[in-house]
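Colleague: Dropping a structure here in structure tokens format, bear with me for questions.
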Amino acid sequence: MLGLTYARTPSTTRCARGPPPPMGEDLLALLRTELLMRYLPLTPADRAEMLGVIGATSVDDLFSDVPAAARLAGPIAGLPNHASEMAVERHMAALAGKNLSAGAAPFFLGAGAYRHHIPASVDHLIQRGEFLTAYTPYQPEIAQGTLQVLFEFQTQVARLYGVDVANASMYDGSTACWEAIVMAGRVTRRKKAVLSGGLHPHYVSCVETMARFTGETIDARKPVLEAAPDDDAVIAAIDGETASVVVQYPDILGRIPDLAAISAATQVVGALLVVVMTEPVALGLLEAPGHLGADIVVGEGQSLGVGLQFGGPYLGLFGCREKYVRQMPGRLCGQTVDADGRRGFVLTLSTREQHIRREKATSNICTNSGLCALAFSIHMSLLGGEGLAQLAAVNHGRAQTLAKRLAQVPGVSVLNDAWFNEFTVILPGDAREVVRSLADKGVLGGVSLGRLYPEAGDLHGGLLVTATETTTDEDIEALATALGEVLKGAAA
Amino acid sequence: MNAPNASGWKPELGPSGTASPVTSSGDRGLQLEEPLIFELGTGANFGVDLDAPEAAPLASLGRFLRKDKAALPGLTEPEAVRHYTRLSRQNYAIDLGPFPLGSCTMKHNPRLNEKMARLPGFADVHPLQPVQSVQGALGVINQLAFWLIELTGMHGVAMTPKAGAHGELCGLLCIKAAILAKGEDRPVILVPESAHGTNPATAAFAGFRVENIPATPAGRVDLAALKARLGPDVAGVMITNPNTCGLFEPEMKDISDAVHAAGGYVYCDGANFNAIVGKVRPGDLGVDAMHINLHKTFSTPHGGGGPGSGPVVLSEALSPFGPLPFTARQADGTIRLIEEEDAPVEHPQGFGRMTAFHGQMGMFTRALTYILSHGADGLRQVAEDAVLNANYVLRSLEDVLDAPFAASGPCMHEALFSDDNLPDGFSTLDVAKGLIDEGFHPMTVYFPLVVHGAMLVEPTETESKQGLDRLIGSLRAVAERALAGDESLKSAPHYAPRRRLDETQAARKPVLTWQGHVQQPAPPIPSEIGGS
Amino acid sequence: MSRYFSKDHEWIDVDGDTGTVGITDYAQGQLGDITFVELPAVGQAVKKGESVSVVDSVKAASDVYTPVSGEVTDANPALADAPELVNADAETGGWLFRIKLADAGELGDLMDEAAYKDYVDGL
């Protein structure tokens, strides 16, 4: 059974503990200086001199605390030894070449990860060594660059989401979603979360994974293939035990829930409205959740600056009302002054965090997503409020054109009556098969609901499609044509 | 004091700091101040040119439309490039010099890693593409998984955790799932006092109760105390090995055997794996789960605080419980992705997802590049040089800084000092800030908590001997200033972009966002954007 | 009115069946600059020895344990804007909360001022 060989290659390639390799240690050490290593500056002479200072006769003396039985006598057998930059590049490029990249095909995937054009300066700037190779800014006097970026980022996220405060980022949208549920539990001292059927199923899975072990009660529902989201069902599920109501905006099928109505219902019972956003670009067009009554807004920030990257690293955004700030997870950057009275920034309110509160911390999070936050912040600075509105308008326009064209394909109908840049079309058969057939034709045609909800047969005709500013008229035509051919072939 | 440094440059420090002339800009030569973007940009500019939208918003969207544009400033490209470049110069970084943060493994980040991660076949691939179109990406995950398993001598690996603490969570959830599967109730996790804060925080986040176990005077886990506490309510232990004092736990196998005999599991915090990679396999020591910080041992960049990546290697006992999704290589060489659709058959005991997609792919690409560059022999050399460098630092400074465990033998990859021998009124903080003036990033301070005024120095293997000698020389100079009672150390740093910052004010009256207003032109309503 | 002290460095002034609780001057000195005080909710029922409040400094968060059981009747409103009151005036103006005692007998486990002074001197 595969489950037992979890992520393992066949056991024949597994090395056994055994005698050292035939090459003698001395010869190997010599070879190292000749061939190895472009990353290791110590020379054999350095090593000998340093051992002298230490008072040891060999490096192995320094490992004397390791029981002899656990010390490997030489490099692990069966694994390749070091390789040149050229050889490694060849190997990795060959692997990269086995992928069909989004830029090389008509591409329409979304469902929590969106392809947007990233301005060239973003990647240039995040590769500045002073950003790329810095650590968490625990020594603020020599980390003002990172800290000021985080302060700017927090302000951008708060303004984007329409909330008072935002933190310095989380791992990604899905983990931020769980953290928001836990935080709402702390604020309300209740244990139940009501999840809308429009919440990304992978986010639901993350929440259910955690809740299974922590004792939170999760009241989740599956989406229904209707034009409108399940606002009424969500509101009906809210009761006096409810800590949080979690609603995705726009939802997994691209529909737009009425946050104001849901907020009104949560306020009656003292529950918190947690709004989840997988596509921040939507906020160039749609009203900010904080302006519609959201108490906590979390989401994925990958759309701006970060790129697709096969799912990670991504960027968790996390904002809330000011009165809850001390219940927030994650790092926070705050403004202060230095000993000369100059403005400066520090990590603050860290008594919430694991390195101080240990088992009483608001979260166990330590590392966040700093470099992705920088990329997001640069991209957002290049857009500004004006550019974001334009970008959103272009996305929305492209998606309308896509919807019109797909609706002309025989057998295809558009489910939504409102959407931003992503919507659901209904196909006559199982969309999983269609997506695979489209890929065989070199078209990356969307995300099938069957892949997201394999157990829900009533959803298997659904296909999520997305258009962004990167989608061309030729792409749309290619998808419509290929989709027509695939459906015709399936019917025949 | 203020002796010329190695480059011969002699700073001038006036009696009250007024000796240097005041500039009208506030900048001083290459020391550049930089306003916030909100003080720079207006709402009118932007640095992205876009086509005009082709249609007005859908009528059905009417009530959802924004009333005002987000109050965010926009910058043109020249303004943005200059803003962020100027800010970057206020940061210390590995690219500028040693970054000897203990337990953080700040080693050089090879640039080949960056180049490979940016290949479009890795960077521009969607996580939900059909598996036939992402065989290379799945191949990276599978190959890295193979290496991690082989390097640790474990049975399986969960690749998706997003960082070390997330990996800890994954490992503890596996332990909890295994206990539930046996129908047992074991609510307690034992954690040594010297543990990193994420250990107890994670155990609590996973719903366990945390109990501390003491350390011996030699800085190791007290095996007798641990054995005495084991029982039917104990789910397991979280041990860091090498531990946070920079010492190997010689009784690790005995600890594991005792925990297993009592029906518990052993979680190993792999933060310090750099000391033993290629030399020791945790699987040989009875470990059931261990996260590996790819951003430490395997050189992916820290990026000013992430992203990290924390795959968790698992024993045979815990592998059936790991999260979705994961990869499996087929006999024909193709790679399957096990997700929800196949899980009921292929991985029936596993729990669901811990994150939406496949984990930190961008970090996998970099880590695999690093591992292939080094190979089995190079990785072993990494551990040896890292340990050699740390011991060299330890023995070069133990005469001026108290080294609490120096007498008990060699350290592993980090050297631990304390403020015990500093005169009254001088603290570890002063040494750290003095080191900033010397042009170095300080070591980890006040951690581990079990040592008073701890200073944990982790040089890593990517420092040359000459570089280490400079670091040692500066640390020695700062320690000697403290020992001589040099008061100027207490107000260090003097030469950094900022002096000591008022953290009390920051925490008492938190200012977490910019409070001003962005200048905005009269906003057109969104429906006008399309010009229709 | 009489004042008692706990080994966890809380003081309580008892007046009839109501006690006023704070941390001692010694405790605030150990904590350093206090940045935030998390207070119990009025009406909350608490048990002796339970952590009911948290006092934060920049680098530490310290639990405050109620020295007696009972119901919280008041929390110091001044601390929300001025947590530094606990530094400046720990044993009067920097009080944390008031509690209606459930069992006056619990006071017998506490120290008087002289005993607390000896206790602190021995630390």
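Colleague: Restricting the search to segment A:232-247, which residues are of a type in the set (Asp, Glu) and either assigned to a loop (DSSP other than H, G, I, E, B) or touching a strand residue (DSSP E or B) at 6+ places or on another chain (Cβ under 8 Å) (or both)?
Modeller: A:239, A:241
Colleague: Could you tell me whether residue A:272 is of a type in the set (A, V, I, L, M) and within 9 Å of chain B (Cβ to nearest Cβ)?
Modeller: Judged against the criteria, residue A:272 is not a match.
Colleague: Then there's this: Among the candidates A:159, A:90, which residue alone is closer than 30 Å to residue A:291 by Cα, basic (Lys, Arg) and in a helix (DSSP H, G or I)?
Modeller: Of the residues listed, the single one that is closer than 30 Å to residue A:291 by Cα, basic (Lys, Arg) and in a helix (DSSP H, G or I) is A:159.
Colleague: If you don't mind, another one. Mind listing whichever residues of segment B:412-441 are of a type outside the set (D, E, K, R) and more than 13 Å from chain A (Cβ to nearest Cβ)?
Modeller: Once the filter is applied, which keeps residues that are of a type outside the set (D, E, K, R) and more than 13 Å from chain A (Cβ to nearest Cβ), segment B:412-441 yields B:416, B:417, B:418, B:421, B:422, B:423, B:425, B:426, B:427.
Colleague: Just wondering, is there one or more residues in segment A:229-237 that are away from chain B (no Cβ under 12 Å), in contact (Cβ under 8 Å) with a residue 40 or more places away in the chain and touching an Asp or Glu at 6+ places or on another chain (Cβ under 9 Å)?
Modeller: The answer is yes, given that some residue of segment A:229-237 is away from chain B (no Cβ under 12 Å), in contact (Cβ under 8 Å) with a residue 40 or more places away in the chain and touching an Asp or Glu at 6+ places or on another chain (Cβ under 9 Å).
Colleague: If you don't mind, there's one more thing I want to ask. Residue B:367 passes all but one of (1) of a type in the set (A, V, I, L, M); (2) facing chain A (nearest Cβ under 9 Å); (3) closer than 18 Å to residue B:107 by Cα; which number fails?
Modeller: (2)
Colleague: From B:191, B:221, grab the single residue that is touching a Pro at 6+ places or on another chain (Cβ under 9 Å), of a type outside the set (Phe, Trp, Tyr) and at the interface with chain A (Cβ under 9 Å from one of its Cβ atoms).
Modeller: Only one candidate passes the filter, namely B:191.
Colleague: Output yes when any residue across segment B:19-39 is part of a helix (DSSP H, G or I) and either at pLDDT below 85 or more than 8 Å from chain A (Cβ to nearest Cβ) (or both), and no when none is.
Modeller: Yes, that holds for at least one residue.
Colleague: Oh, and also: I'd like the residue in segment B:69-83 that is in contact with a Phe, Trp or Tyr (Cβ under 8 Å, 6 or more places away or on another chain) and surrounded by 23 or more Cβ atoms within 10 Å (Cβ to Cβ) and, out of all such residues, is nearest to the other protein chains (Cβ to nearest Cβ).
Modeller: The qualifying residue nearest to the other protein chains (Cβ to nearest Cβ) is B:74.
Colleague: Here's a check for you: in segment B:442-461, which residue that is out of contact with any strand residue (DSSP E or B) (no Cβ under 7 Å at 6 or more places or on another chain) and either over 28 Å from residue B:241 (Cα atoms) or at pLDDT 95 or above (or both) is surrounded by the fewest Cβ atoms within 10 Å (Cβ to Cβ)?
Modeller: B:461
Colleague: Would you mind telling me which numbered condition in (1) under 30 Å from residue A:467 (Cα atoms); (2) more than 7 Å from chain A (Cβ to nearest Cβ) residue B:65 fails?
Modeller: (2) is the only condition that residue B:65 fails.
Colleague: Restricting attention to segment A:169-197, and to residues there that are in contact with a strand residue (DSSP E or B) (Cβ under 7 Å, 6 or more places away or on another chain), surrounded by fewer than 24 Cβ atoms within 10 Å (Cβ to Cβ) and not in a helix (DSSP H, G or I), which single residue is farthest from the other protein chains (Cβ to nearest Cβ)?
Modeller: In this case the residue turns out to be A:192.
Colleague: Across segment B:169-188, which residue is farthest from the other protein chains (Cβ to nearest Cβ) among those that are among the basic types (Lys, Arg) and in contact (Cβ under 8 Å) with a residue 24 or more places away in the chain?
Modeller: Filtering segment B:169-188 for residues that are among the basic types (Lys, Arg) and in contact (Cβ under 8 Å) with a residue 24 or more places away in the chain, the one farthest from the other protein chains (Cβ to nearest Cβ) comes out as B:186.
Colleague: Would you mind stating whether residue A:109 is at the interface with chain B (Cβ under 7 Å from one of its Cβ atoms) and part of a loop (DSSP other than H, G, I, E, B)?
Modeller: In short, yes.
Colleague: Moving on. For segment A:439-449: of the residues being more than 8 Å from chain B (Cβ to nearest Cβ) and either surrounded by 24 or more Cβ atoms within 10 Å (Cβ to Cβ) or touching a helix residue (DSSP H, G or I) at 6+ places or on another chain (Cβ under 6 Å) (or both), which is farthest from residue A:481 (Cα to Cα)?
Modeller: Filtering first and then ranking leaves A:449.
Colleague: All but one of (1) out of contact with any Asp or Glu (no Cβ under 7 Å at 6 or more places or on another chain); (2) away from every other protein chain (no Cβ under 14 Å) hold for residue C:40, so report the exception by its number.
Modeller: Tallying (1) out of contact with any Asp or Glu (no Cβ under 7 Å at 6 or more places or on another chain); (2) away from every other protein chain (no Cβ under 14 Å), residue C:40 fails exactly one: (2).
Colleague: Are any of the residues in segment C:27-37 assigned to a loop (DSSP other than H, G, I, E, B) and of a type in the set (D, E, K, R)?
Modeller: yes
Colleague: Out of (1) outside any loop (DSSP other than H, G, I, E, B); (2) closer than 25 Å to residue A:354 by Cβ; (3) touching a Ser or Thr at 6+ places or on another chain (Cβ under 6 Å), what's the single condition that is false for residue C:11?
Modeller: It fails just one condition, (2).
Colleague: Looking at (1) within 7 Å of chain B (Cβ to nearest Cβ); (2) closer than 24 Å to residue B:130 by Cα; (3) surrounded by fewer than 20 Cβ atoms within 10 Å (Cβ to Cβ), which is the only condition residue A:456 fails?
Modeller: Failed condition: (1).
Colleague: With touching a Gly at 6+ places or on another chain (Cβ under 8 Å), more than 29 Å from residue B:77 (Cβ to Cβ) and either more than 11 Å from chain A (Cβ to nearest Cβ) or at pLDDT 65 or above (or both) as the only criterion, which of B:56, B:44, B:52 stands out?
Modeller: Of the residues listed, the single one that is touching a Gly at 6+ places or on another chain (Cβ under 8 Å), more than 29 Å from residue B:77 (Cβ to Cβ) and either more than 11 Å from chain A (Cβ to nearest Cβ) or at pLDDT 65 or above (or both) is B:56.
Colleague: Quick check on this structure: which one of A:352, A:342, A:326, A:358 is under 20 Å from residue B:513 (Cβ atoms), facing chain B (nearest Cβ under 7 Å) and modelled with pLDDT under 95?
Modeller: One residue alone meets the criteria, A:342.
Colleague: Scan segment A:121-150 for residues that are at the interface with chain B (Cβ under 7 Å from one of its Cβ atoms) and farther than 20 Å from residue B:96 by Cα and jot them down.
Modeller: Residue satisfying the conditions is A:121 alone.
Colleague: Turning to a different aspect of this structure: Residue check, residue B:236 against (1) in contact with a strand residue (DSSP E or B) (Cβ under 6 Å, 6 or more places away or on another chain); (2) modelled with pLDDT under 95, all met but one. Which one?
Modeller: For residue B:236, the exception is condition (2).
Colleague: Would you call residue A:365 at pLDDT below 95, within 9 Å of chain B (Cβ to nearest Cβ), buried (at least 24 other Cβ atoms within 10 Å of the Cβ) and within 27 Å of residue A:307 (Cβ to Cβ)?
Modeller: Considered against the rule, which asks whether it is at pLDDT below 95, within 9 Å of chain B (Cβ to nearest Cβ), buried (at least 24 other Cβ atoms within 10 Å of the Cβ) and within 27 Å of residue A:307 (Cβ to Cβ), residue A:365 comes out as yes.
Colleague: Separate question: Exactly one condition in (1) surrounded by 18 or more Cβ atoms within 10 Å (Cβ to Cβ); (2) assigned to a helix (DSSP H, G or I) is not met by residue B:467; state its number.
Modeller: Single failed check for residue B:467: (1).
Colleague: Residues of segment B:442-474 being among the aromatic types (Phe, Trp, Tyr) and more than 8 Å from chain A (Cβ to nearest Cβ), which ones?
Modeller: Matches in segment B:442-474: B:446 only.
Colleague: In this structure, does residue C:26 turn out to be touching a Gly at 6+ places or on another chain (Cβ under 6 Å) and on the phi < 0 side of the Ramachandran plot?
Modeller: Here the answer is no, as residue C:26 does not meet what is asked.
Colleague: Looking at residue A:435, is it away from every other protein chain (no Cβ under 11 Å) and at negative phi?
Modeller: When the stated conditions are applied, residue A:435 does not pass them.
The values are calculated or read from the model by the stated rules, or taken from the named source; none is laboratory data. The shown structure was predicted, so the numbers you read here are calculated from the model rather than taken from an experiment. Please note: Cβ atoms are built from the backbone with ideal geometry, for glycine as well, and neighbour counts cover all protein chains shown.
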